[in-house]
Amino acid sequence: MKKTLKLLVAVLCIALAFSACKKNKDNSPTGGATSMKFTVNGTAVSYNTCLELTATINDIDHLVITGDNINGAKHSDDNFELEIIHDLATLKAGQTFQVSADFSSANSVNIWYSPNATDSFVSQAGNPNGSVTITAVTSTTITGTFQGKLYGESDYSGTDLKYTVTNGAFTARIVK
């Protein structure tokens with residue numbers, strides 16, 4: 001399981017790095033801005049850019065919705081990711097995806113938070129707690145809400161709670 005998780009994280013990081021390098025002067029969809037906001041341990045956090053990236057890992061479709069602050073061409077050291085294991089083509093408003101006891105379970109979600117350049121916290125299969133609800137899908141954006149509990153990357157049993165995420169909301173631009 002550790003090898004699968006590390007492989008998944010590596011693939012997602014590489015995919016995100018390539019998508020983040022695209023030259024795009026407008027990080028917002030036509031008709032509105034993209035953003036992500038939430039409360040973590042009682043503190044409000046917001047990102048001025050939110051993108052959806054599609055990846056296929058071991059023949060399984062993944063939507064990675066990433067919140068990030070971009071000022072000019074510089075990305076901030078912190079970000080937040082919602083990895084929904086579902087096909088973008090069949091995504092629709094009203095669907096809810098729960099954190100699962102299996103990191104690669106279809107129709108589930110994994111939640112990742114990096115509050116700085118060196119630390120990462122995740123929803124853990126050993127103590128699955130969190131969800132994402134899709135509220136709207138258009139040809140250019142996905143909108144939704146989320147919440148969850150996050151643990152250290154190596155705390156697979158989910159015994160040492162680090163972050164409680166509430167009031168999450170996002171509007172992500174679909175990257176094609």
Return the sequence-ordered ³J(HN,Hα) values of the stretch 136-143 in whole Hz as given by the Karplus equation 6.51 cos²θ - 1.76 cosθ + 1.60 applied to θ = phi - 60°, using x for Gly and Pro.
7, 9, 10, 6, 10, 9, 10, 10
What is the distance in Å between the Cα centres of the stretch 31-56 and the stretch 69-102?
8 Å
Taking θ as phi - 60°, what are the ³J(HN,Hα) couplings along the stretch 107-120 by the Karplus curve (6.51, -1.76, 1.60), each to the nearest whole Hz, with x for Gly and Pro?
6, 10, 9, 10, 10, 10, 9, 10, x, 7, 6, 10, 10, 9
As an exercise, use a Förster radius of 30 Å and the Cβ-Cβ distance of Lys176 and Thr96 to find the FRET efficiency, rounded to the nearest 0.05.
0.75
If amide hydrogens are placed 1.01 Å from N in the peptide plane, which non-local residues have theirs closer than 5 Å to the one on Thr34?
Cys50
Counting only pairs 8 or more residues apart or on different chains, how many lysine pairs in the stretch 24-176 have their Cα atoms under 30 Å apart?
15
Rh (Kirkwood; distinct C-alpha pairs) - the stretch 41-125, Å
14.0 Å
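Values in this text are rule-based calculations from the coordinates and carry no lab data. Everything quoted here is computed from the prediction, not taken from an experiment. When we count neighbours, we look across all protein chains shown, and the Cβ atoms used for this are built from the backbone with ideal geometry, even at glycine.
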